[in-house]
Each structure stands twice: as C-alpha cells, then as structure tokens.
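Undergrad: The structure follows.
Here, each number is a calculation from the coordinates, and none is a lab measurement. If you're wondering where the values come from, they're calculated on a predicted model, not measured in any experiment. Backbone-built Cβ (ideal geometry, glycine too); neighbour counts: all protein chains shown.
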Amino acid sequence: KRQVEQLVRRAAQDVDRFYPDATRPKLTTDQALILSVDGKGIVMRTQDLRPSTAAKQAKADHNLQSRLSPGEKSHRKRMAEVGAVYGIDPVVRIPSDILHAKPVDPTGTKKSGPKAVNQWLVASVADSMGDVIYQVLEEAERRDPKHERPWVALVDGNHAQLSYLQEEATARGINLQVFLDFIHVLECLWKAAWCSFCPPGTRRRNPGC
C-alpha cells in the first residue's frame, strides 16, 4: 500500500507538465469546441475529510452493517471536480442514430458518431468547483480566443456547475450552449414515473405520472 501511494504522488506531480502550451493545439476551422464538467466522489481517509463531512460521519447511525439502506450516505467522500475540453467535427444525426444499438445509414452501412480530438483534462480534489471551471474556460478561450467556433457545454444538471459556467461565459462574452446528458434526464423521468401512485418495482405506470 505504501509503495502504491508513493507511485500515485510521483505520477500526480507531472500532470500539469503534461500539457505544455506547445503541445495544446487550437481548433481547426470547422470544429465545435466542447466543454464538459462533472463531480466525482472519492473515498478519503477520515483525517482528510472536510470538517463538515467528518462531523456527519461521526454522527452517522446506519441501519445495516454490510451496506447502506436507500437514502443513507457513508460520509466518507470528498468531491473532486473534473473538467475536459476537446474539439469535435459536427455530425448531423437523428435520435435513432444515438439510441439505436447499431445506427446505420440508408445504404446499410453502420454510422459512426463524432470523435473527440485533442482532449485536455483537469481534475482536483483540492481546488474548488469554481476554480476548476475557471481553468476549463481558460483552456477553451486559449483554443478559440476570438470566439469563432460554437461553444457547447455538456453537464449533468448540477445547479452549482451551471451557475459557474454561465457566469464565466457571460463575463467573457461567450454564447455558451448547454446540454444535459441523456442518462441524467432519463433518471428524472423515471422518478416521475415511480410517483406515489406507482411504487418502485411495479410493472404498471400510472398515466397520470
């Protein structure tokens, strides 16, 4: 365990040097600029938890010893903020191209989706959400300083992330198009379906839901 911890520390110190300006390309003429931010919970040692989380962990009284019951939290994690910037060549697609298991074009040939190129990544468990999103916008603006390309942000609906993105975009005069990823939207639809009239586990959905 000690050796693994040492290896992680040594590898982490090279992250910033991995992205020197000389190797970070700007956009090509036709590419859209994609920004993505998300949060990821990371299990921490008790002494490394933030004070508020450590206090909740100390007071936690779980119903089961082997696992958490619905709605319970372990209070063992800190949120790391993750960000990405990359380019994509726009591809015209219809819903069936995305939802179908094997999308095909009229000739019967399988269609391929757009490919992300020149990815830039950042993640931190120490920096705040706002700081990481600021870095994401800085990298995006470095790639498109004149704001000539379409700017698209992919998020999961976190209100704080949306606020930071919109504030930064407004301050920079950027027309930022925001998209919620389908998986999180679908979860909200299921919550609406499993309303009080349709308990989870039942096969029939109440039309009123």
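Undergrad: Hey, rough spin-label estimate for residue 10 and residue 40, points 7 angstrom out along Cα→Cβ, what's it come to in nanometres?
TA: Taking the simple label geometry, residue 10 and residue 40 are separated by 2.2 nm.
Undergrad: Ordered by packing density, taken as the mean number of other Cβ atoms within 10 Å over each peptide's residues, highest first, how do 124-130, 183-189 rank?
TA: 124-130, 183-189
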